[in-house]
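Working notes, beginning with the structure itself.
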Amino acid sequence: MKFGVVVFPGSSCEADCYYIIDQILQEPVSYLWHAEQDLRGVDCLIIPGGYAYGNYLRAGAIASNSPIMEKVIAFGKKGGLILGICNGFQILTEAGLLPGALIKNRSLRFQCENTLLRVEQTNTPFTSTYTQHEVIKIPIAHEEGAYVADKETLERLEKEGRIVFRYCNEQGEITPETNPNGALNNIAGIINEQGNILGMMPHPERCAEAILGGEDGERIFSSLLAWWQGGAGR
Amino acid sequence: MFKAIITITFKKSILDPQGNAVHKALKSLGYEDVEDVRMGKHVEILLRGDEPQEAETKIKEMCSNLLVNPVIEEYQVELVEVEV
């Protein structure tokens, strides 16, 4: 399964994503520079975290208009797998591939901490190796991570089961206290209608190896591989 | 030549945490009669051309293509003719 990690000026988590695919999944992976317009035949795109274009104007706004995005949008609309992490999630909402937007944290601060997430959906290419309602630990590192959307969009996401991760406590309870940033309905990650594009604020690539203090994030990547090997790629 | 002055603010339905923080700070300074504070962005664009209608259309296009995110923001444009 061929992976591509899109790199913008100001991306900062691309090497971690590359490492996970190359060393842990042991699958082919390449960097895709934002000014290119060739996705090199990859099967899955990762839009990594960071501060693309300094997040000037709005987080992800300028990156979502860079040359490679035209191809990324076409790839996503055709059903290609895209994982957007943190700034990548912001870029995907700005590009219109995912609904809603991410605004400044309720605290007005950059927050870097572990969060507990409840896996709300396991019937996606990104989460098939988790169990339904499993509580996992994945860190966040963002200043603009509060997910917002209009009432209709939010109702639709809830009704269609497109909220994939929610911030919770150890018991898996979703409460205002377990919400680190003020995201509506404690949303940490959502998927598009077709089910091929996932955006999430927490960083799975930062906890994909025991030596890093946790392996819960690794299963996002191994889910993708399992899904692909299960026949989706043929 | 035109100068477009664009004011971008969060929609009323979007919580504005920066505005709330400034509101609190003003209250703590004793300005008890402050009812609400909304923060926003101010953008000035110098645009070549001499057709005001055309300039306005272009500015609105720029707003919808890049400057404003309609999911969370709304905007107002003031267009003034300036000397080259």
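The values are calculated or read from the model by the stated rules, or taken from the named source; none is laboratory data. The structure displayed is predicted, hence computed values, not measured ones. All Cβ positions, glycine included, derive from the backbone under ideal geometry; neighbour counts span all protein chains shown.
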**OP:** May I ask you to list the residues in region A:212-221 that are at pLDDT 95 or above, over 13 Å from A:Lys2 (Cα atoms) and part of a helix (DSSP H, G or I)?
**Re:** A:Glu218, A:Arg219, A:Ile220
Subject >> Counted residues, region B:1-57 - those being more than 14 Å from chain A (Cβ to nearest Cβ), closer than 28 Å to A:Asp150 by Cβ and in a helix (DSSP H, G or I) >> reply: 2
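Just name the residue that is farthest from A:Asp216 (Cα to Cα) out of those in region A:125-164 that are in a strand (DSSP E or B) and of a type outside the set (A, V, I, L, M).
It comes out as A:Tyr147.
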**OP:** Quick one: A:Leu108 ticks every box in (1) at positive phi; (2) part of a helix (DSSP H, G or I); (3) not acidic (Asp, Glu) except a single one, so which number is it?
**Re:** (2)
**OP:** Being surrounded by 14 or more Cβ atoms within 10 Å (Cβ to Cβ) and away from every other protein chain (no Cβ under 14 Å) is the filter here, so list the residues in region B:58-84 that pass it.
**Re:** B:Lys58, B:Ile59, B:Lys60, B:Val77, B:Leu79
**OP:** Run down A:Asp43, A:Asp38 and say which single residue is touching a residue at least 60 places away in the same chain (Cβ under 8 Å) and of a type in the set (Asp, Glu).
**Re:** A:Asp43
Original post:
Restricting region A:35-57 to residues that are under 18 Å from the mean Cα position of the chain (by Cα) and in a loop (DSSP other than H, G, I, E, B), which is nearest to the other protein chains (Cβ to nearest Cβ)?
Top reply: A:Tyr51
Original post:
Just for region A:1-34: of the residues that are part of a strand (DSSP E or B) and in contact with a Phe, Trp or Tyr (Cβ under 6 Å, 6 or more places away or on another chain), which one is nearest to A:Asn65 (Cα to Cα)?
Top reply: A:Val7
**OP:** Go through A:Ile62, A:Ile73 for me and flag whichever is more than 22 Å from A:Leu154 (Cβ to Cβ), facing another protein chain (nearest Cβ under 9 Å), among the β-branched types (Val, Ile, Thr) and surrounded by fewer than 23 Cβ atoms within 10 Å (Cβ to Cβ).
**Re:** A:Ile62
Original post:
Considering only residues of region A:177-220 that are touching a residue at least 12 places away in the same chain (Cβ under 8 Å) and among the charged types (D, E, K, R), which is surrounded by the most Cβ atoms within 10 Å (Cβ to Cβ)?
Top reply: A:Glu205
Subject >> Filtered residues of region A:113-140 (kept if of a type in the set (A, V, I, L, M) and surrounded by 19 or more Cβ atoms within 10 Å (Cβ to Cβ)) >> reply: A:Leu116, A:Leu117, A:Val119, A:Ile136, A:Ile138, A:Ile140
